[in-house]
1. Please report the net charge: other residues with Cβ closer than 9 Å to the Cβ of residue 68, K and R +1, D and E -1.
2. Under the Karplus relation 6.51 cos²θ - 1.76 cosθ + 1.60, θ = phi - 60°, what is the ordered set of whole-Hz ³J(HN,Hα) values for segment 420-433, x standing for Gly and Pro?
3. With +1 on each Lys and Arg Cβ and -1 on each Asp and Glu Cβ, how big is the dipole of the chain about its Cα centre, in debye rounded to the nearest 20?
4. May I ask which residue of 347, 67, 230 lies farthest towards the positive end of the charge dipole of the chain, with charges of +1 (Lys, Arg) and -1 (Asp, Glu) on Cβ and the Cα centre as origin?
5. Antiparallel versus total DSSP beta bridges in the chain: what percent is that, nearest 5?
6. How many nm is it between the label spots at residue 108 and residue 484, if each spot is 7 Å from the Cα in line with the beta carbon?
7. Place +1 on the Cβ of every Lys and Arg and -1 on the Cβ of every Asp and Glu in segment 387-443, take the dipole about the Cα centre, and give the residue among 392, 410, 432 whose Cα lies farthest towards its positive end.
8. What is the Cα centroid distance between segment 349-369 and segment 53-113, reported in whole angstrom?
Amino acid sequence: MIDDSLIFSYLPEETLKGLKAADNRWENLRKNTSVIPHVITENPQTIETFDSDVVICGGTLGILIAATLQKQGWNVILIERGILKGREQEWNISRQELEVFLELNLLSEAELEEAIATEYNPARVGFYEGYELWVKDILNIGVDPIYLLENLKNKFLEAGGTLLEKTPFVSAIVHPNGVAIDLQENTLKTRLLIDGMGHFSPIVQQVRKKQKPDGICLVVGSCAQGYPTNDTGDLIFSFTPILNQCQYFWEAFPARDGRTTYLFTYVDANSDRFTLQFFMEEYLRLLPEYQKIDLNQLDFKRFLFGFFPAYRQSPIKMPWNRILPIGDSAGGQSPVSFGGFGAMIRHLKRLTFGIDEALKVDILDCNALHLLQPYQPNISVTWLFQKTMSVPVNRKVSPNQINELMSGVFKVMDKLGDDVLNPFLQDVIQFLALMKTLPLVNPQLVFPILPQVGINTLLEWTVHYLNLALYSGLYPLGKLGEPLIKNLSPRQQYYYHRWLDSWKYGSGGDYQRNHQ
């Protein structure tokens, strides 16, 4: 890499160090050279005294669960390897998804409005030499993570919660009635350990062993000032054909201190895939064409980069009792999304009530806890979409194949209306919407994709598609049985609620139209 390359010209030294560290992790994943941690063991002896009902490892998103459980009366300890604080970059989400903060009494209406840093409309969806459309009220809210996390942290502490910052998780021993967690300086004994340490949690790595992810979303970007005033955004946009065996997609949002732009792509974890450093070079090379501006006119406030692994066998199944993964640790997010905040918010109420019920009934074995992170066919069907938006390393494809397919699909959904289009743009797949869309997509756009998708993927997708139909029917039927639940034992009620939740969320039944 020559010294006058774009990234050396524009990225601060500290950012370059972070980029190199992320690239090392990405290289280890591609070449399967990561060391498998061994942090969980088992012991048949029972624990006599407990420090808490719940210990949550990973504070950034763990504070969401911690605050709700503490408010419900449970004794919660939250541990964070650094200082619990939000990043400067806003989290984008749709307004109706934020209502859960009001429903769980985590924020007042005034506090929720204060947490919203930016709001814009409309947003563009468009593809190179293809279809373009504009939508409103989709991922158009930018939440201030610094304010949100500080507010939730204070409420957690006021409710009696314990926060241990600069306290990394080391290891844990699972006992029949609880978990002993080693934190170097001391040991915490708890009834339930919740893993919120993310994709690269050592607990998750121990379970996954050296299993390669089935899909990767690579992301680079920045927030900068100097752009002309622009109150619109891009949800997914492309202006190039396939380059370097992948399709480049762009995203853009107005931010409080400038404009945020992302470049992202879907790939596999093949060892020949390019580095994040190369991808950042591509981002800076193409950004002037994308935003119609010279790089020298921009004042870069920060750069962003990362990669998000996704596994077909998700959410992950923990082999131990009394350990529950949440958020990216569980791996239950859509393979076409970045995961993180949005996925956590969508499932916050479900998880909160489910964990509360599990603790009350003391039903904390691995099979019962796995029902809190169940199979969701509406997520699993998106694997086919991820596959159609990626290109194998050694396969020659038409340069505009992905753009043409995406144009065709979005043109159909746009004509079918907001009830079809809007949920899809928020990673909520519903059977009726999918059933309406698929027959109308031009077969000539689909046939070229089939060889790279493969017969096994199609068969697997068909199973998920049929399960999506099944779950869509089971959820309303399950709701009919609710009046009879009082006749069930607490244990039976737990299982009933978990199956009802899995049918609801697994069919996209949790989606609510924006009332704005």
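1. +1
2. 8, 6, 4, x, 4, 5, 10, 6, 10, 9, 10, 4, 4, 5
3. 1480 debye
4. 347
5. Of the beta bridges lying entirely in the chain, close to 70 percent run antiparallel.
6. Label at residue 108, label at residue 484, 4.5 nm between them.
7. 392
8. When both Cα centres are located, 18 Å separates them.
Where a number appears in this text, it was derived from the coordinates with a stated rule and is not lab data. None of the values given here were measured: they were computed from a predicted structure. Cβ: placed from backbone, ideal geometry, glycine included. Neighbour counts: every protein chain shown.
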